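The values are calculated or read from the model by the stated rules, or taken from the named source; none is laboratory data. Not measured: the values here are computed from a predicted model. Virtual Cβ from ideal backbone geometry, glycine too; neighbours counted across all protein chains shown. Note: accessible area is taken over every heavy atom of the protein model, side chains too, but ligands, DNA and RNA are not part of it. Shrake-Rupley method; radii C 1.70, N 1.55, O 1.52, S 1.80 Å.
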Amino acid sequence: MLFFKKGESTFSGKDEQLFQKHFNVTTCNQEGAKGLQLGFFLIRQFFFLFKNIWKTDYVFIWFGDFHAFFPVLFARLFNKKSYLIIGGSDAVHIPSLNYGVYDHPVRGYITKIAIRNAHCLLPVDKSLLVTLYELVPNIRGEKVVIPIGYKATQWKKDHPKERFVLCVSHFMSWTRIKIKGLDFLMEVARRMPNEKFVLFRDMNNSKHLLNAPDNVEILSGRFTLDQLAYYYSRAKVYTQFSLTEGFPSVICEAMLSECIPVVSSAGGMPEIVGDLGYVMKDRDVDTAVKMVQMALDTEDEKIGKAAREKIKTYYTPEIRAERLLEVLSE
């Protein structure tokens, strides 16, 4: 198998480790390739494929972007099967925020060619297919939805719940703040001055962009998973008001930690949360405030336990592994 990824991530790494148990895996990583570096990467990738495509049966690619073009093209030319993960920005375009791979004409064009010609698309949530069909007509390959899987032992409630609202998000620009709905969250917090909000992030810069009210604590820096799990475990409510999402891991991690989720209707969040939290259908601050207040005032611990049980039952690494191997064997 030839395995292509765009930087290091927990989830692409898990798939890579899975395949290494069953196949001879050779990896090509585009991490950090931008501008002129991207050109050099694509040249290197071309020769990498020319050297290795002969001795593989599968080409597996995480995300649709520049790095997916040559792998899908070579797979088609040499009659190999290509599998392309669709995860988020490769299935959405928000022109007003210059967001998505399709905002750049060349980047969008070659991404469409890759998506249109892949043997099989593997979106992490079915909601991505709706927007993908609008952006990329005439898709040739199969489409199989396979969600991400999460270890229940890594995320759990092992501290008493405290009355505060948690959000975990990474942002380095105003665009990212808008996409993740953090400006909306700040407005909700501003309307609830007597409640505590905690924003957990892993970057030190750009905090000034938020204009956060006094009741918002912003934790910045490089944190370990154990430190993150500590806050999930303590938070009573978890919020995510994103404009667009694929299958957000933070929601699943929070629900495994028995947080009550309050989310927007973006991407896979409505299906993940179901009736075990609050889903905001319309983007309205007053509605969000009411939902957060109800979640904070909830005394029934069964909701958090049921939320954990849902993720533990339906979104596991074992289920994802089984479905991936099943698709490859077809």
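Here are the numbers:
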| item | result |
| --- | --- |
| Which listed residue, of GLY64, GLY13, is without any contact (Cβ under 8 Å) to a residue 60 or more places away in the chain, touching an Asp or Glu at 6+ places or on another chain (Cβ under 6 Å) and under 21 Å from VAL124 (Cβ atoms) | GLY64 |
| Hey, VAL106 within 17 Å of the chain's Cα centre (by Cα), at pLDDT below 95 and surrounded by fewer than 22 Cβ atoms within 10 Å (Cβ to Cβ) or not | no |
| Meets criteria (more than 19 Å from the chain's Cα centre (by Cα), farther than 22 Å from LEU129 by Cβ, modelled with pLDDT of 95 or more and not in a helix (DSSP H, G or I)) for VAL237 | yes |
| Residue match in segment 77-89 (condition: open to solvent by less than 30 Å² (accessible area, probe 1.4 Å), farther than 14 Å from LEU2 by Cα and modelled with pLDDT under 95) | yes |
| Scan of segment 140-167 for residues that are without any contact (Cβ under 8 Å) to a residue 60 or more places away in the chain and of a type in the set (Lys, Arg), ordered by number | ARG140, LYS143 |
| Subset of segment 4-21 [under 24 Å from the mean Cα position of the chain (by Cα) and exposed (fewer than 15 other Cβ atoms within 10 Å of the Cβ)] | GLY7, GLU8, THR10, GLY13, GLN17, GLN20 |
| Evaluation of LEU228 against (1) modelled with pLDDT under 95; (2) crowded, with 17+ Cβ neighbours inside 10 Å; (3) not in a helix (DSSP H, G or I) (one fails), failing number | (3) |
| Residue check, THR27 in contact with a Phe, Trp or Tyr (Cβ under 6 Å, 6 or more places away or on another chain), open to solvent by 10 Å² or more (accessible area, probe 1.4 Å) and at negative phi | yes |
| Members of segment 47-62 that are in contact with a helix residue (DSSP H, G or I) (Cβ under 6 Å, 6 or more places away or on another chain) and of a type outside the set (Phe, Trp, Tyr) | LEU49, ILE53, VAL59, ILE61 |
| Which numbered condition ARG176 misses (of (1) at pLDDT 90 or above; (2) surrounded by 13 or more Cβ atoms within 10 Å (Cβ to Cβ)) | (1) |
| Single residue of segment 145-172 satisfying the filter (over 14 Å from ILE319 (Cα atoms) and of a type in the set (A, V, I, L, M, F, W, C)) that is most open to solvent (accessible area, probe 1.4 Å) | MET172 |
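Okay, residues lined up against (1) open to solvent by less than 20 Å² (accessible area, probe 1.4 Å); (2) assigned to a helix (DSSP H, G or I); (3) among the aromatic types (Phe, Trp, Tyr); (4) in contact with a Lys or Arg (Cβ under 8 Å, 6 or more places away or on another chain):
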site	(1), (2), (3), (4)
PHE23	no, no, yes, no
LEU42	no, yes, no, no
LEU49	yes, yes, no, no
ILE53	yes, yes, no, yes
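One line per residue, one yes/no per condition, for (1) open to solvent by 30 Å² or more (accessible area, probe 1.4 Å); (2) among the hydroxyl-bearing types (Ser, Thr, Tyr); (3) in a helix (DSSP H, G or I):
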position	(1), (2), (3)
PRO261	no, no, no
ILE272	no, no, yes
ASP282	yes, no, no
ASP286	yes, no, yes
ALA295	no, no, yes
GLU299	yes, no, no
